[in-house]
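Please read the structure below before turning to the comments.
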Amino acid sequence: MPIAGTSRRIARVLLDSPLPQLDRLFDYALPADLGDVPPGVRVRVPLRTAGRVVDGYVVELDTEDDADRPLSEVDSVVSLVPVLPDHLYRLARRAADRAAGSASDVLRLVIPKRQVRVEKAWTADAPPPVPSDDALAAARDVIESYDGLEELLEQQGRAAVEAIPVFHDGEPGWAVLLASVAARTLASGRSSILVVPDHRDLDHLLAALALTVPAEAVARYDSRQANPDRYRAFLRSLEESPCVVVGNRSAVYAPVRAGVVAVWDDGDPLLGEPLAPYINARDAALLRQEQEDSSLLFVGHTRTTDVERLVAHGWLQDVRAARRVLPRVVLSTPQEMDAPTAQRMPSSAFLSARNAAAEGPVLVQVSRPGFAPSLVCAECRAPARCAHCGGPLGAKHHGAVPVCAWCGRGARAWTCPACSSTKLRLASSGSERTADELGRAFPGIRVIVADSAHPVERVDDKPSLVVATRGAEPLAEGGYRAIVLLDGARMLQAPDLRIGEACLRWWSNAAALAAPGAPIHLVGVDGSIARALATWNQAGYARGELAERAPLHMPPAARVALVEGSTAAMGRALASLTELALPPDAVLGPVPVESDDYPPRVRALVRFEYGAGARVAAALRAAVVAEAVAARRGKGKSTRIALTVRLDILDPEL
C-alpha cells in the first residue's frame, strides 16, 4: 500500500466491456512490482462492482500526490506490446461518440485476440520496403491518367474518384488505381489503408498489389484468415516501417500512420458494420482523415448520395479520368417497353447476345439465385406462403416440391388460403432457371452459373453464357463481348429508400466488366436511372436523389437515429431531446414493435441536422447509460436492455 503523502503512479484504463456505463477511463494504481508499464498495453484489473477481474487497455499514465484516495491496483500486465496507440484510441473514441456507442466495441473490431507464439516471434525492426523503379513508373502513369489526382495526393486532399472501367494485366482498373496510389505513398515513406467490401474485391486488389509493392509491405486484414495470421498482420501495422493495409471494413481502423485512406465502392452494404455501434467504414474514414490529415479517396464506378453531398459542400473534390471511357449502354425501345406480352429478353438483346456468344463470353445478370425463388397461386396469383412460419415458398428445380425459404420445410399438400387452389406457378426466374432457359435457346454454347451457391471468380475468353446474380459476376478474360442486365424493373420494386442508387451501382459495376465497345443492354428500365447509366452520369443521378430527399429530411440530407426500448425508457429518452431545440417534426413515432417481449417495446426515428449531431448523440448516449444504470440497480424487471440507439440509419423505416 502507498504511504500517505507520497506520490504514486496511476494508469487510466479503458475496460473491455459492452456495458455502456463502463465506457470511460478508470483510474488504477500501478504497483511497483509491475515495473515499467507503457501506454497501450493489455492489462487485467479488478472491477469491484462485479467482484471479478476484467481485461482492459492502459490509455494514459500519470502520477498523483493524493495517495490517500482509495484506488484498486492493476492486477497484472497481459503483454508489453502496446496494441492501443494513442491515435487509435482517439479514433475509436471519436467514432463511438459520433455513433452514441462504446469505444471498446470499436476496438474489438480491430484488435485481434492475443496470440502468444506470434507475439514472441514478432520483431519490429524490419527495414522499410521500397517499390521497384518500374513499379513506380507504372503507378505514376496510372495516377496521371486522372485529372488532378497527383496534386491532390501531394496536398493530402480528399476526393471522390470515378474509376475508369478498363482492365490492366487482367485486373480491374479500380484495383490497379488503388495499388498505384499505395505504391506512391509507400515510396514517400508513409502507409496506406485500402478498404474493400468483400473477399472477391480483396482478391482482385491483392493481385494488383502483387505487381506493384513488395509482399512484405502488405498487411492483410481478412476475416478468412486464421487467428495467428490476423494477429501477425495487426502487429505489422503497429511497426514504424510503412506498409499497405488492405482488408474489409475493420481495416479502416488499422493503427498505422496513414498517408492515404482509400475506400472502394462505398455504397456496398457490406461496408456497414452489423455490430454495435454500427459505424459505416465511410464515416470512419472521414473521421480518420480529419484526425490524421491524410489523403482520402472514395473510388467507385458510381456515386452514392452520401459522397455526392460531400462533393456538393466542397468537402470532397470531384476527380475524373483525363480521358473518360464510356461503356456502350443500349436501352429498351418504347415498343419493347409497351408491348403487351413483353419478353424477359427482348429480341434486340437476344440477337446481340447470340452474335457475341459466337466470339467470347456473354454476361447475363439476374436478380435472384436458385431456380424459382418465389411461387404464386396459379388461380389468384397470391404469393405462396409456408403454413408453418409464413415464409415464401420456392422451387429448387422444375417439378420439385415447394420449399420454404425461411424454415426449409417442404409443402407437399399446399392449399391457397385465399381461393383454396392447390396449383402453383413460377413467379420469378432465378439464376438456375435462367441458365436452363438460355441453354435451350443457345444450343452448343456452354452455360455457366455464378451465384452464392456457385461462386466463379474468372472465365476464359471462349464462347459461353455466364448467368450471374448481382455482385457475383466473374471477371472475363478480355472482357465480356456483350452484357444483358435482366430483371431491372423487379430490382427497382424493392421497398428501400436507396434502391435506385443500389441498382445503378449493381448495373455500373457489371457494365465495367465489358470489353471495349461491347453492347450493354439494360432491359425493361426507363426514366432517370436508365439515362444515368446510358450517359454514365451516376453523379447527376445522386444529385437528383439528394434534391428529392432534402424536403423530407431523409438521409443523407439529414442524420437519422433509430431509438428502441420500453415505453417508459423511450419517453425519458425523447424528453432528454427537448432541450436541443430540434424541429417539431424531428421525431417520428414512437410506434409499437411486433414482438413477444415484456414489457412491450416501441420504436422511434429522430431526424436532425449534421450540426446538431454531437449534441443529439451525447443526449441519446446519456439516456442509454441512465437506463443501464437503473437496470443494474434493480429498478427494471426485464433482463433485456431497456434502451438501444443506432445512428445514421441508411434506410429509415418505422
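Computed from the coordinates by the stated procedures, all read-outs in this text should not be read as laboratory data. In this text the structure is predicted, and so the values were computed from the model without any measurement. All Cβ positions, glycine included, derive from the backbone under ideal geometry; neighbour counts span all protein chains shown.
A few remarks follow.
- P455 sits among other residues whose Cβ lies under 15 Å from its own Cβ, and their net charge, with Lys and Arg +1 and Asp and Glu -1, is -3.
- Built amide H within the under 5 Å cut-off of L465, gap 5+: V362, R446, V447, I448
- Comparing Cα centroids, segment 164-179 and segment 253-310 end up 20 angstrom apart.
- Normalised by the number of residues in segment 8-84, the average gap of Cα pairs under 8 Å and 6 or more apart makes the relative contact order 40 percent.
- Dimensions of the chain along the principal axes, based on C-alpha atoms and rounded to the nearest Å, stand at 92, 68, 47, largest first.
- Calculated on alpha-carbon atoms, Rg and Dmax of segment 133-216 in Å: 12.1, 32
- Spacing of the modelled spin labels on L80 and N537, each 7 Å from Cα toward Cβ, amounts to 6.4 nm.
- With K and R counted +1 and D and E -1, the other residues having a Cβ less than 9 Å from that of A100 yield a net charge of +2.
- Cα centroid separation - segment 505-541 against segment 220-238, whole Å: 38 Å
- Residues whose amide H falls under 5 Å from that of G430, counting only those 5 or more places apart or on a different chain, are A372, with hydrogens built in the peptide plane.
- What the Cα convex hull of segment 497-596 gives, in volume per residue, is 158 Å³.
- Segment 249-295: radius of gyration over Cα atoms, expressed as a fraction of 2.2 N^0.38 Å: 1.10
- Take every pair of alpha-carbon atoms less than 8 Å apart whose residues are at least six positions apart; their mean separation over the length of segment 133-319 yields a relative contact order of 30 percent.
- Projected area averaged over orientations for segment 133-319, convex hull of C-alpha atoms, nm²: 10.0 nm²
- Using the Karplus relation 6.51 cos²θ - 1.76 cosθ + 1.60 with θ = phi - 60°, the per-residue 3J(HN,Hα) values for segment 209-225 come to 5, 4, 8, 10, 10, x, 4, 6, 8, 9, 10, 9, 9, 9, 5, 7, 6 Hz, with x marking Gly and Pro.
- Electrostatic tally near V376: other residues with Cβ closer than 14 Å to its Cβ, Lys and Arg +1, Asp and Glu -1, net +4.
- The modelled label-to-label distance between A226 and E150, using points 7 Å beyond Cα along the C-beta direction, is 4.5 nm.
- Within the chain, helix-based [θ] at 222 nm, where runs of 4 or more DSSP H residues each add -39,500 (n - 2.57), nearest 500: -9000 deg cm²/dmol
- Sorting 585-591, 352-358 by average packing, meaning the other beta carbons within 10 Å per residue, from highest down gives 352-358, 585-591.
- Global size of segment 559-647 as Cα Rg and Dmax, reported in angstrom: 12.8, 38
- Extension gain for the segment R328 to D134, taken as residue separation times 0.36 nm less the Cα-Cα distance, is 66.5 nm to one decimal.
- Relative contact order of segment 351-463, pairs being alpha-carbon contacts under 8 Å that are 6 or more residues apart, as %: 31 percent
- Counting Cα-Cα pairs of segment 328-548 in 10 Å increments starting at 0 gives whole-percent bin shares of 8, 30, 33, 21, 7, 0.
- Those residues of segment 398-439 whose amide nitrogen sits under 15 Å from the label point placed on R354, 7 Å along Cα→Cβ: 438-439
- Proxy reagent accessibility, fewest Cβ within 10 Å first, across H199, H204, H168: H199, H168, H204
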